[in-house]
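Let me begin by presenting the structure, written as structure tokens, before commenting on it.
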Amino acid sequence: PPPHDSPEVALPAPLTEYMGRRIAPTMHWSGAEWLLRETRESEEHTTRMLAALGLRPGQVVCDFGCGVGYVTLPMAKLVLPEGRILAVDLQPEMLVALAKRALEAGVTNVERIPCGPADPKLAPSSCDLVLMVDVYLELGYPEQVLRAVRSALKPAGRLVLVEFRAEDPEVPIKPEHKMTRAQVERELGANGFRLEHAFEELPWQHMLFFERDDAPRDEK
């Protein structure tokens, strides 16, 4: 069957709320410089977040909602020599800027994928890991996207969500761009995922690792 957002299938209107949560507006490409702000490393400890992913050479990793590639490019180096990054974004302008930055950095193992609002355009069983950094709460079609991501994961693959903590009023981000851990777990649990582990050592964000709910569990 054609994907949900192909011309053959009319999409319903995007959701404005999901499971009691207001869906955040998508960050426009014209504001992309904020993603590259000089203070981002000190505020978010991105290097520590990347280390916590545990990426290995040869892996195929999707940076979903990659923007201009702030984490795409360092991840690309971590999966060399045979690994690659699938950089997925809804806004073509983001992918154009990513291509320019990759060329300047000499990074050649990034595949740019323009996606639809309900279809990330990922092949089944293609990804060892899918990363969404401050992206999930903007999805207008969360159920369709999660279904597609679940299909795209290899049996032992992981979906990692990094979201600003709504539990912490000191995190200087608009409320609609923050999520509680309980809300994330509730939404993903309703869509075929289970929490595998959490990394809670970032200053502003939750980092939650999910596996498919039918993934084999390691025997203790």
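The values are calculated or read from the model by the stated rules, or taken from the named source; none is laboratory data. Everything numeric in this text was worked out from a predicted model, so none of it was measured. Every residue, glycine as well, gets a Cβ built from its backbone with ideal geometry; the counts of neighbours run over all protein chains shown. Note: accessible area is taken over every heavy atom of the protein model, side chains too, but ligands, DNA and RNA are not part of it. Shrake-Rupley method; radii C 1.70, N 1.55, O 1.52, S 1.80 Å.
Highest mean first, the peptides 109-118, 168-177, 85-94 sorted by other C-beta atoms within 10 Å per residue fall in the order 85-94, 109-118, 168-177. Computed 3J(HN,Hα) for the range 119-129, one whole-Hz value per residue from the Karplus formula 6.51 cos²θ - 1.76 cosθ + 1.60 where θ = phi - 60°, is 9, x, 6, 9, 6, x, 6, 9, 10, 6, 7, glycine and proline marked x. Of the DSSP H helices in the chain, not one has a Cα length along its own long axis of 27 Å or more together with a mean Kyte-Doolittle hydropathy reaching 1.0.
At 7 Å along the Cα-to-beta-carbon direction for both Glu196 and Ser151, put a label point, then send me their distance in nm to one decimal. With each label placed 7 Å out from Cα toward Cβ, I get 2.1 nm. Highest mean packing first, where packing is the average number of other Cβ atoms within 10 Å per residue, the peptides 13-20, 132-139 line up as 132-139, 13-20. Across the range 13-26, coupling constants 3J(HN,Hα) worked out from phi with the 6.51/-1.76/1.60 Karplus curve, θ = phi - 60°, read 4, x, 5, 10, 9, 8, 6, x, 10, 6, 6, 6, x, 5 Hz, and Gly and Pro carry x.
Counting Lys and Arg as +1 and Asp and Glu as -1 over every other residue whose Cβ lies under 15 Å from the Cβ of Arg48, the net charge comes to -4. Using heavy atoms of the protein chains and a probe of 1.4 Å, the accessible area assigned to Ser30 is about 80 Å². Projecting label points 7 angstrom from Cα along Cα→Cβ for His177 and Leu50 puts them 2.2 nm apart.
For Lys100, the lysines whose Cα falls under 24 Å of its own Cα, not counting residues fewer than eight places away in the same chain, are Lys77, Lys121. Accessible area ranking (1.4 Å probe, heavy atoms, ligands and nucleic acids excluded), largest first, for Lys77, Lys178, Lys121, Lys154: Lys77, Lys121, Lys154, Lys178. For the range 118-170, the carbon plus sulfur part of the accessible surface works out to 51%, probe radius 1.4 Å.
Shape class for the range 144-220: prolate, because the ratio a/c of the largest to smallest gyration tensor axis (alpha-carbon atoms, square roots of eigenvalues) is 1.5 or more and a/b beats b/c. Over the C-alpha trace of the chain, radius of gyration and Dmax come out as 16.5, 49 angstrom. Average accessible surface for the chain: 49 Å² per residue, computed with a 1.4 Å probe over protein heavy atoms with every protein chain in place.
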